[in-house]
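What follows is a single structure, written as C-alpha cells, with notes after it.
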Amino acid sequence: MAQASNQAKTQFGYRRHPDQDRAGHDVAEHPVVVVGAGPVGLSLAIDLAQRGHRVVLLDDADRIGEGSRAICFSKRSLEYWDRLGVGDRMVAKGVVWSVGKIFHGDSQLYQFNLLPEEGHKRPAFINLQQFYAEAYLVDRIGELPAIDLRWRNKVVGLDQRNDDIALTIETPDGPYATRAQFVIACDGARSSLRKMVGAEFSGQAFEDQFLIADVKMTAAFPTERWFWFDPPFHAGRSALLHKQPDDVWRIDLQLSRYADPAVEKQPENVRPRIARMLGHDKFEFEWISLYKFQCRRMDRFIHGRVIFAGDAAHQVSPFGARGANSGLEDAENLAWKLDRALRKSSPEALLETYHVERSAAADENIRESTRATDFMAPNSHQEARLRKAVLSLAKETEFGKRMVNGGRLSVPSIYDTPLSTTDSDGWRGGPRPGASMPDAPVTSTANEDTFLTDSFVREGRRFTLLEFGNGADIDAPQEIGVIRIGGEGGLVDAEGLAIKRYDAEPGTAYLLRPDGYVAARFRHPTRSALDAALARAAGLD
Amino acid sequence: MALSTSSNFAKPDDAFRAIVEAHRGLSDEQSADFDAALVLILANHIGDLDVLREALALARRRMIDASQQQQQQQQASRE
C-alpha cells in the first residue's frame, strides 16, 4: 500500500530470548503478555511497568509501521502520555491545533474551536505521524527494564486454561512455548488473537472509498483542520486538509464507491486531483493509501484471560480521530485494573468493568463516526436531500451550522459504571462521577506555575483525593494520594479556575481513580463515605 | 412535553393553505427539497427530541396504514 518514499523510521533486531530454550514443565510463566507493539500495546506496557509489573511485549514485525496512519492525538491521550513520561516529546514534535473550518463549495460555512479557553497544560489536539509516536514510546520502553520487548515474535497458538494461558510463539528460530496469567491483545483490526478465541467482529461496512495522500510541501495554510463539502476542486464529494510535522500535509479525498483502487492510487492519477486542490503541483508524495472502512466491535472485550484493546476490539471510521485515541483510553482504563488484579488488591471481577466502560465508549465512538460518515456519504436520495437542506440552512442559521457533520472529534467518554458513587450532595457543575478530571493551572508552594494534571502525574498512580482546603484536615485512608488546593501547604488556585471547573467550595473533595476519572465527590466527605466510595471504585463491595 | 395533536391554529385552513401555496410552481424535486428544509427548520424550533420522535412515529403510521389499505384492496379485488 505505502509508497516507497517514506521508509520506516526505525528498524529493530530480532534477538533470541532464553525463554526459547525452555520447554515442557520448565516453560517461562509471565504475569502479562501484551501482543502488538502499536501505540496501544506500547502505552499499556509502559503503564503496567510503571505500576511495578514485568511485561512481555510481542510484535510479529521488526520495525515501526510505514506511513502516517493515525495523526490526531487528543488532549486526553496527551495527558495519558504525560503520565507515561512521553508527553513533552510528543507535543514538542507535534503540530498543535484546536480550530477546524468547514467549507461548502468555495465558501466557509463555519469554524469551531475545540479548546476555546486558556488554563490547560495540553492543547485540544496535536497532529503527529503515528510512527513518531511509536518511536518515542519504544524509546521510553528502553528506560524500563521491566518490559521485555520481543520483535518478530508471532503468537500462533493460544490455549486457555483455568489459571493461565499457554502460548505458542513463532520466531525466526522456530516456535517456543510460554505461559501467561493474562494476555492483552493489542494486535490491531486484523487481530489474529481475536480469531484464535473465535470471537465475532461484526458491524457495518461502508462502500464509499477514500483516498489518503500525505504530501510534502511548504505552504502557508494555518494549522487548522479544513473540511470541504463539494469543493470546486473535487466536485460532489468531500475533502480534508490537515498539517503534520516535517511539512507533511494529510489530504483525504472521498472517491466514488465504484472507483478502482488499483487505478486510483497510482501517483500519476492522484497528482492532478491534489494539484487542483492546492492550485499547484509543487509537492511530493509521502504516502498514498486507498481505503474503505468498517464500524464494528467485539461483543465482549474479555475472553477468559485474553483481554482485547484498541483496534483489535473495535474499529471506527477515521473521521473524528476516534481510533488511536480510543485505544489509548482502553489502555489507561485497563492498566490500573490489571495492576490491582495482579496484586490481588481487587478481585479479578474488577476487570469486567473494563469491558463495561470501554464497550460503551466503543458504541459511542461507532455511533459518532457512523453519523459523520453517513453525512459525508449519504445512503439514499432522501438522505442526500436532507444533507443538502442542512448545508444550505447552515449559511444563514446557527442550528444549520451545528447540524453539519464533518466529523465530531474525539472527547473522553463519561462512564455509567458500577465503580461510581452516585452524588448525594448538590452540584451546579464540575465533572460528575464517571467523567475525566478537567485540568486547571495552579501554583505550587515553591511558587512554580504548574497544572493539576502535573500533580496527578506525581500522585495519580493510585486512588487520589483532590481536596479543596477549608482549614480542617480530611480524614483520608492511608493508601490514597492527596492533591490539596488552598489551605496551608496546598496548591494555589490563583486564577480561580480549579474552583470554577470543579464547582468547588471549601471542604469539597473529589475521589479520582488511578486513570484520572472521578469515582465520587463530596461537599464535606466523612471517613465512612470515603471508605465506601473507595471500596466501590476498587470493585471491593 | 408530549406531542400536541389537538388543533393549535385559530384558522387551520389558513395554515394548510400557506403550506400548499409555498409548493405552487415547484417541480416534485423542488418540492421535496423544500419539504426537507422545512422539516429541519420546524424540528429545530420544537427543539425536543421526544416530541420529534412522537411526530416521526405518527407520520410513520401513515405509511403503514397506507400499505395495509393497499393490501386489503388487492385482496378484495382478487376475491
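The values are calculated or read from the model by the stated rules, or taken from the named source; none is laboratory data. None of these values were measured; they are calculated from a predicted model. Every residue, glycine among them, receives a Cβ derived from its backbone with ideal geometry; neighbour counts consider all protein chains shown.
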Residue in segment A:275-284 that is touching a residue at least 60 places away in the same chain (Cβ under 8 Å), more than 28 Å from A:Ser359 (Cβ to Cβ) and touching a strand residue (DSSP E or B) at 6+ places or on another chain (Cβ under 7 Å) present: yes
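Looking for something on the phi < 0 side of the Ramachandran plot, in contact with a helix residue (DSSP H, G or I) (Cβ under 8 Å, 6 or more places away or on another chain) and of a type in the set (Val, Ile, Thr) - is there at least one such residue anywhere in segment A:345-365?
Keep residues of segment A:345-365 that are on the phi < 0 side of the Ramachandran plot, which gives A:345-365.
Pick out the ones that are also in contact with a helix residue (DSSP H, G or I) (Cβ under 8 Å, 6 or more places away or on another chain) and you get A:346-348, A:350-351, A:353-354, A:357-358, A:361-362, A:365.
Add one more test, that the residue is of a type in the set (Val, Ile, Thr), and what stays is A:353.
Within segment A:345-365, one or more residues are on the phi < 0 side of the Ramachandran plot, in contact with a helix residue (DSSP H, G or I) (Cβ under 8 Å, 6 or more places away or on another chain) and of a type in the set (Val, Ile, Thr).
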On the given criteria, is A:Gly94 modelled with pLDDT of 95 or more and touching a helix residue (DSSP H, G or I) at 6+ places or on another chain (Cβ under 7 Å)? no
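Every residue, every condition in (1) modelled with pLDDT of 90 or more; (2) among the acidic types (Asp, Glu); (3) within 25 Å of the chain's Cα centre (by Cα), yes or no:
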position: A:Leu211; (1), (2), (3): yes, no, yes
position: A:Arg225; (1), (2), (3): yes, no, yes
position: A:Phe233; (1), (2), (3): yes, no, no
position: A:Arg237; (1), (2), (3): yes, no, no
position: A:Trp249; (1), (2), (3): yes, no, yes
position: A:Lys265; (1), (2), (3): no, no, no
position: A:Ile274; (1), (2), (3): yes, no, no
position: A:Lys292; (1), (2), (3): no, no, yes
position: A:His303; (1), (2), (3): yes, no, yes
Does A:Arg276 satisfy being outside any loop (DSSP other than H, G, I, E, B), among the charged types (D, E, K, R) and touching a His at 6+ places or on another chain (Cβ under 8 Å)? yes
Within segment A:166-183, the residues that are of a type in the set (A, V, I, L, M, F, W, C) and surrounded by fewer than 20 Cβ atoms within 10 Å (Cβ to Cβ) are A:Ala166, A:Ala177
Return the total of residues in segment A:45-78 being closer than 15 Å to A:Phe182 by Cβ and within 16 Å of the chain's Cα centre (by Cα). 2
Out of everything in segment A:328-350 that is assigned to a helix (DSSP H, G or I) and basic (Lys, Arg), what residue ends up being surrounded by the fewest Cβ atoms within 10 Å (Cβ to Cβ)? A:Arg343
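Filter segment A:137-183 down to the residues that are among the basic types (Lys, Arg) and outside any loop (DSSP other than H, G, I, E, B), then identify the one that is nearest to the chain's Cα centre (by Cα). I'd like the intermediate steps shown before the answer.
Residues of segment A:137-183 among the basic types (Lys, Arg): A:140, A:150, A:152, A:154, A:161, A:179.
Still in the running and outside any loop (DSSP other than H, G, I, E, B): A:140, A:150, A:154, A:179.
Values: A:Arg140: 18, A:Arg150: 24, A:Lys154: 24, A:Arg179: 29 Å.
Checking each candidate, the answer is A:Arg140.
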For segment A:415-425: of the residues being surrounded by fewer than 20 Cβ atoms within 10 Å (Cβ to Cβ) and in contact with a helix residue (DSSP H, G or I) (Cβ under 9 Å, 6 or more places away or on another chain), which is farthest from A:Val390 (Cα to Cα)? A:Ser424
All positions within segment A:184-209 that are surrounded by fewer than 17 Cβ atoms within 10 Å (Cβ to Cβ) and assigned to a loop (DSSP other than H, G, I, E, B): A:Ala189, A:Arg190, A:Gly198, A:Glu200, A:Glu207
Pick from A:Gly85, A:Gly24: which is surrounded by fewer than 18 Cβ atoms within 10 Å (Cβ to Cβ), at pLDDT 95 or above and of a type outside the set (D, E, K, R)? A:Gly85
Those residues of segment A:392-409 that are buried (at least 20 other Cβ atoms within 10 Å of the Cβ), part of a helix (DSSP H, G or I) and more than 7 Å from chain B (Cβ to nearest Cβ) come to a total of 2
Examine segment A:125-136 for a residue that is modelled with pLDDT of 95 or more, surrounded by 22 or more Cβ atoms within 10 Å (Cβ to Cβ) and touching a His at 6+ places or on another chain (Cβ under 9 Å), and state whether such a residue exists. yes
Could you give every pair whose Cβ atoms fall below 7 Å, whose first residue belongs to segment A:69-82 and is farther than 27 Å from A:Ser289 by Cα and touching a residue at least 12 places away in the same chain (Cβ under 8 Å), and whose second residue is of a type in the set (D, E, K, R) and in a helix (DSSP H, G or I), counting only separations of at least 6 or pairs across chains? A:Arg76/A:Glu329; A:Tyr80/A:Glu332
